[in-house]
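Here the structure is laid out as structure tokens; the discussion comes afterwards.
Bear in mind these aren't lab numbers, they're just calculated from the coordinates by the rules spelled out. For clarity, every value in this text was computed on a predicted model and none was experimentally measured. Virtual Cβ from ideal backbone geometry, glycine too; neighbours counted across all protein chains shown.
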Amino acid sequence: MKLGRIVGKVWATQKDPQLQGVKLYVLQPIDETYKAVGKPVIAADAIGAGEGDVVFWVGSREATFIFPDKKIPADVGIIGIVDTATSETSANMKKRKKQLIADYFIE
């Protein structure tokens with residue numbers, strides 16, 4: 001799973017019949033600090049997300065499974081809305097790793 005922010009909607013008057021009733025959004029992939037990474041992608045929404053929401057998403061084959069009752073032709077699928085996300089800084093991770101190694105060799 002990856003993080004992304006919905007930055008726009010896609011309107012299509014003609015589309016694959018399997019996409020009938022499926023909302024499509026422009027999704028900007030982001031990192032754990034909410035900074036944009038890479039290019040925006042078009043994503044199918046399975047959970048009722050909206051513009052501006054931070055979401056988690058899957059790509060490739062997994063995106064075709066987001067609707068249990070049909071197989072959609074999609075490369076990206078939105079599968080959750082993020083309420084909060086936190087991550088450790090690399091300095092904290094290094095400090096914790098050092099402590100774990102020290103604890104292991106002391107015992």
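So here's what we get for this one:
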{"read-out": "Residue exposure sequence - 86, 64, 33 - by fewest surrounding Cβ within 10 Å", "value": "86, 33, 64"}
{"read-out": "C-alpha long axis of helix 90-106 to longest principal axis of the chain, angle in °", "value": "50"}
{"read-out": "Dimensionless Rg/Rh of the stretch 1-50 - Kirkwood Rh, Rg from C-alpha atoms", "value": "1.02"}
{"read-out": "The chain: calculated mean residue ellipticity at 222 nm from DSSP helix runs of at least 4, using -39500 (n - 2.57)", "value": "-5500 deg cm²/dmol"}
{"read-out": "Value of Rg to Rh for the stretch 2-106 (Rh from inverse mean 1/r over Cα pairs, i.e. Kirkwood)", "value": "1.17"}
{"read-out": "Unsatisfied cross-links (Cα-Cα over 26 Å) in the set 9/39; 23/71; 35/71; 2/94; 39/70; 39/98", "value": "35/71; 39/70; 39/98"}
